[in-house]
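Please treat every number below as a calculation from the coordinates, not as lab data. Keep in mind that this is a model prediction, so the values were computed, not measured. Cβ coordinates were reconstructed from backbone atoms using ideal geometry, including for glycine residues, and neighbour counts include every protein chain displayed.
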Amino acid sequence: MNNNFINMIMQARQNPMAIISQRFKIPQNIQNPQDMVQHLLDSGQITQEQLNGAMRMKNNPQLRQFMK
């Protein structure tokens with residue numbers, strides 16, 4: 001795997017909001033992950049298809065093993 005990808009994964013594990021905030025506009029008052037996802041969908045920052053793809057990646061056994 002690419003070292004940049006591994007570094008990004010490690011940063012995301014340490015401070016997920018910092019990584020997410022680099023790409024998306026999320027109000028400061030949103031703390032709950034479900035509310036964040038709903039905001040991203042409602043504001044058109046992500047599509048349902050993108051969310052579904054992320055969920056498939058999250059549930060991928062190989063990635064899950066790497067994230068432990």
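Mind listing the phi-derived Karplus ³J(HN,Hα) values for region 15-32, rounded to whole Hz, using 6.51, -1.76 and 1.60 with θ = phi - 60°, and x for any glycine or proline?
8, x, 5, 4, 5, 5, 5, 5, 9, 10, 9, 10, x, 4, 7, 8, 10, 7
In terms of modelled amide H atoms, which long-range or inter-chain residues lie less than 5 Å from the amide H of Ile26?
Residues meeting the criterion, in which the H sits 1.01 Å from N, do not exist here.
Using helices alone, I'd like the mean residue ellipticity at 222 nm for the chain: each DSSP H run of four-plus residues gives -39500 (n - 2.57), total over residue count, nearest 500.
Roughly -20500 deg cm²/dmol at 222 nm, from the helical runs in the chain.
When the Karplus curve 6.51 cos²θ - 1.76 cosθ + 1.60 is applied with θ = phi - 60°, which whole-Hz ³J(HN,Hα) does each residue of region 40-54 get, with x for Gly and Pro?
Listing the rounded values in order: 5, 5, 5, 8, x, 6, 9, 9, 4, 4, 5, 4, 4, x, 5 Hz.
Through the Karplus equation 6.51 cos²θ - 1.76 cosθ + 1.60, θ set to phi - 60°, convert the phi angles of region 6-12 into ³J(HN,Hα) values in whole Hz; use x for Gly and Pro.
Couplings: 5, 4, 5, 4, 5, 5, 5 Hz.
Label points 7 Å out from Cα along the Cβ direction at Ile9 and Ser43: separation in nm?
2.8
Under 1.5 on a/c is rounded, so check that first for region 3-67, then, if it is not, pick prolate when a/b is larger than b/c and oblate when it is not; a ≥ b ≥ c are the square roots of the alpha carbon gyration tensor eigenvalues.
Values: a/c = 2.08, a/b = 1.34, b/c = 1.55.
It is oblate, given that a/c is not under 1.5 and a/b is not larger than b/c.
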